[in-house]
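A short write-up of the structure that comes next.
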Amino acid sequence: MHNIPHLFTYLHSLSFAYGWVLFFLLLVPAFIAWYLWKRKSIHATLTISTDEAFRNFKSRKSRWSFLPFALRMLALAFAIIALARPQTSMSHKNVHIEGIDMVMALDISGSMMAMDFKPNRLEACKNVIQEFIESRPNDRMGLVVYSGEAYTKCPLTTDHQTLLQSLSSTKFGIIDDGTAIGDGLGTAINRLKESKAKSKVIILLSDGVNNAGFMDPVSAAEIAKNQNIRVYTIGCGTIGEAPISTPYGIIRAKVEIDEKLLEQIANITGGKYFRAQNKNKLKAVYQEIDQMEKTKIDETIFTNKSEAFFPFACIALICFVIELILSNTLFYVKP
């Protein structure tokens, strides 16, 4: 019983070099039908009220008289299968994954509390970034946060669960307020400088104007270019004014995004600048980046085929020999 699954696996792996030969198997049911018709027509019939008196006359030989014919049909069926040249194929594949090292630099300044994205910019960005991370299981990713200064929340890792936990715990007020775009970009570059990956990417999101930090954003972009790092920049926020919740109630603040600077950073590094005015647009931006930065997966498939006709030919020969012996001994009929 334990070998039955292996048998089904073996049969499933079979292919036939001359598959058209298998159509001759239709001869087997045709011969069986002819045999049954002939067997019925050559026996005389007698109508009686009961066959009780004749039951003991039915010999074992007559009960098994179909056996030579059955063996002959089995021999024919297995011979046809053998002639169709069954073959087993064993295949395996080598998969080479060329992942991308990617760092997300996320602005967590006070202006990210604006509620033009629901529930606010920061929480909306975290939700979209989470979906982006989950859609790229083969990449190493890291997270840098910045406002008045910058620091690494999670270094490059393939442990996306740890990365998602770091993203989830990101909140306002953990560092001084401000918008240090240069420091955020510089810190992200430091995370990638030791990377051996062929593709290195930074996704920098900001909703303001560079007004803090020590590093010039354009100089940081030049460093990224020299290290073959592409930077995609995202300006996050509506045009005009956005509502912000304060201890004194909700106020409307002017939205200021240095789009010229963000576009310059992207152009220097060979990346692209995007403007996201709502959460759906932000999601579309990350989906576009996902399409542009595809992980490379190479598959090489090896297939080996071996002839499998021999067992079928042996079974056919054994059935034929047994049928020949029985037909000339136990079931021999004198002419």
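The values are calculated or read from the model by the stated rules, or taken from the named source; none is laboratory data. Since the model is a prediction, treat every value here as computed from it, not as a measurement. Note that each Cβ is placed from the backbone with ideal geometry, even for glycine, and that neighbours are counted across all protein chains shown. Note: accessible area is taken over every heavy atom of the protein model, side chains too, but ligands, DNA and RNA are not part of it. Shrake-Rupley method; radii C 1.70, N 1.55, O 1.52, S 1.80 Å.
Confirm whether K61 is in a helix (DSSP H, G or I), more than 54 Å from the chain's Cα centre (by Cα), at pLDDT 70 or above and not polar (S, T, N, Q). Taking the combined requirement at face value, the residue does not satisfy it. Of all residues in the stretch 260-284, those that are open to solvent by less than 30 Å² (accessible area, probe 1.4 Å) and closer than 13 Å to S206 by Cβ total 7.
Going by the conditions given, is L192 open to solvent by less than 20 Å² (accessible area, probe 1.4 Å), within 23 Å of the chain's Cα centre (by Cα) and over 20 Å from I257 (Cβ atoms)?
Numbers: open to solvent by less than 20 Å² (accessible area, probe 1.4 Å): yes; within 23 Å of the chain's Cα centre (by Cα): no; over 20 Å from I257 (Cβ atoms): yes.
Spelling it out, it is not the case that L192 is open to solvent by less than 20 Å² (accessible area, probe 1.4 Å), within 23 Å of the chain's Cα centre (by Cα) and over 20 Å from I257 (Cβ atoms).
Taking the stretch 203-259 as the range and being open to solvent by 30 Å² or more (accessible area, probe 1.4 Å) and under 14 Å from T269 (Cβ atoms) as the test, the residues that pass are V218, S219, E222, I223, K225, N226, Q227, N228, R230.
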